[in-house]
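For reference, the structure is listed below as structure tokens.
What follows draws every value from the coordinates through simple rules; no lab data is involved. Bear in mind the structure is a predicted one, so any value in this text is a computation, not a measurement. Counting neighbours? That spans all protein chains shown, and the Cβs are built from the backbone with ideal geometry, glycine included.
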Amino acid sequence: MRTPWHLGMVVLLVLLTGGRAGAQDTEEKPQRFFLTGYVKSLQTVIGLQSPRGDTLLTDNLLHQRLNSRWVLGERWQLRTDLRTRIFYGELVKQNPRYAEQVEATVNDVADLSTVLINRSSLVMHTIIDRWYLEYLHNNWEIRLGRQRVNWGISTVWNPNDIFNAFAFTDFDYEERPGSDALRLRYYTGFASSVELAVKAFDDWEAAVAAGLLKWNKWSYDFQVLAGIVERDLVLGGGWAGNIKEASFKGEWSYFHSLVDSIGNSFSATLGLDYSFKNGLFTSLGFLFNSNGTLGGGADDLFSFELSAKNLYPYQWAIFTQASQAVTPLLNLSLSLIYSPGDAHALFLNPNFNYSIAANWDLTLTGQLTFSQESQGYASPVQAGFLRVKYSF
């Protein structure tokens with residue numbers, strides 16, 4: 001059973017939204033409390049094709065996020081971000097365990113969430129998504145609590161993101177997952193640092209701890225990491241620089257299993273980004289994932305177990321993207337991921353983003369999967385998303 005302070009935190013941060021004006025700067029004292037956030041409405045339509053027949057499902061999500069930061073002194077600050085979501089629609093109705101499954105995927109070690117409403121057609125869930133104390137002094141930066149330990153470099157896949165891996169398909173979670181961790185960073189120069197991070201764990205088999213070294217050489221940013229990830233020893237590295245006017249990035253990680261029955265694994269990615277003078281942005285990326293498969297179908301994209309050593313369900317993947325700002329208010333993009341193998345899996349991701357007004361955005365996104373089957377090329381899963389977002 002959840003402790004009641006979860007509900008108290010929800011009420012407190014909602015009340016603080018209304019009192020934001022009272023936290024503005026005065027002539028006598030600098031501002032010490034900052035509150036931002038957004039409210040989103042996401043409407044989803046999913047089409048499923050199978051030999052048993054076609055299915056069309058709808059889903060709805062109302063999403064509020066409050067991001068708060070308290071400056072506690074010259075060197076200390078506290079960040080608390082609250083994420084509250086209301087799910088309703090056919091997907092909720094058809095899954096009696098919907099609330100249980102949401103709850104099972106959002107927390108790290110500390111239980112900072114609760115289900116406020118759990119009905120047959122509606123689920124309301126809230127979680128403290130970020131909650132950490134930060135100390136800043138000279139070249140030191142120390143954080144303790146739920147935070148994002150972001151060691152990734154590349155645009156789409158991040159083998160170095162060993163603490164909180166994320167999926168490219170989860171476009172509605174801009175902040176990305178966090179970890180309950182202690183993170184210490186010491187800056188040795190303008191673009192160099194030494195870092196140590198340890199994730200909270202219940203037992204040794206779930207331990208994640210690693211060190212990261214960053215430096216700059218030949219106009220490139222390099223990094224190398226080493227540590228333990230659950231039951232694997234990990235060694236990885238990456239770089240970011242330019243080849244003439246194109247951005248060139250890469251990452252790799254090798255996982256050496258401490259369990260005889262589990263094999264070692266290796267993942268690596270390369271990426272090139274280039275912006276043309278007319279504003280067209282293009283990106284090209286490659287992924288090798290030793291834990292991936294050369295078989296399977298396109299529907300595996302939504303069912304595989306995501307981790308830093310398994311960032312995509314297939315062994316090979318090629319990513320390409322083109323994005324164009326048609327006007328200052330309208331941006332169009334198209335992303336494509338192709339995986340060579342038995343199914344020739346293909347993922348298409350068209351995106352339309354329009355700024356309706358100040359602080360208001362409209363986004364239309366598609367996620368379409370294709371794979372080679374016995375009867376020809378088919379699309380087992382198609383999804384369309386309409387999102388309206390207000391930021392404050």
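Some values worked out for this structure:
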quantity: Karplus (6.51, -1.76, 1.60) ³J(HN,Hα), θ = phi - 60°, over segment 113-122, in Hz, Gly and Pro reported as x; calculated: 9, 7, 8, 7, 9, 9, 10, 5, 10, 8
quantity: Listed residues Tyr314, Asn118, Gln94: farthest to the positive end of the dipole of the chain (Cβ charges); calculated: Asn118
quantity: Longest exposed-site-free window of the chain, the sites being GluC sites (Glu not before Pro) in a DSSP loop that have at most 16 other C-beta atoms within 10 Å; calculated: 75-173
quantity: Of Phe302, Ser253, Asn291, farthest towards positive along the dipole that unit charges on Lys, Arg, Asp, Glu beta carbons give segment 231-312; calculated: Ser253
quantity: Mean projected area (nm²) of the alpha-carbon convex hull when segment 113-211 is viewed from all directions; calculated: 8.8
quantity: Relative contact order %, segment 333-392, counting alpha carbon pairs below 8 Å whose residues are six or more apart; calculated: 29
quantity: Two-decimal log10 I(q)/I(0) for segment 161-206, as the Debye equation yields it once each C-alpha is a single scatterer, q = 0.34 Å⁻¹; calculated: -1.18
quantity: Radius 15 Å from Cβ of Ser193, net charge of other residues (Lys, Arg +1; Asp, Glu -1); calculated: +2
quantity: Radius, Kirkwood style, for segment 46-118 when every pair of distinct Cα atoms is counted (Å); calculated: 15.5
quantity: Cut-off of 10 Å, at most 13 other beta carbons, DSSP loop: longest stretch of the chain lacking such trypsin sites (Lys or Arg not before Pro); calculated: 120-243
quantity: Charge sum, other residues only, whose C-beta stays under 15 Å from Thr282's C-beta, Lys/Arg counted +1 and Asp/Glu -1; calculated: +1
quantity: Whole-number percent relative contact order across segment 34-391, with pairs defined as alpha carbons under 8 Å at least 6 apart; calculated: 12
quantity: Calculated on alpha-carbon atoms, Rg and Dmax of segment 34-391 in Å; calculated: 21.3, 67
quantity: Convex hull per residue volume in Å³, alpha carbons only, for segment 199-357; calculated: 172
quantity: For Ala207, distant residues with modelled amide H under 5 Å away; calculated: Glu230
quantity: Overall Cα dimensions of segment 280-385, principal axis frame, Å, largest first; calculated: 46, 30, 24
quantity: Computed magnitude of the charge dipole of the chain (debye, nearest 20; Cβ of K, R +1, Cβ of D, E -1); calculated: 920
quantity: Under 5 Å, built H, 5+ apart or other chain: amide partners of Ala200; calculated: Asp180, Ala181, Leu182
quantity: Whole-Å distance, taken between Cα centres, linking segment 35-66 and segment 159-237; calculated: 31
quantity: Hz values of 3J(HN,Hα) by residue in segment 187-194 - Karplus curve (6.51, -1.76, 1.60), Gly and Pro given as x; calculated: 7, 8, x, 4, 10, 9, 6, 10
quantity: Segment 34-391: Lys pairs at Cα distance under 24 angstrom, eight or more positions apart or on different chains; calculated: 12
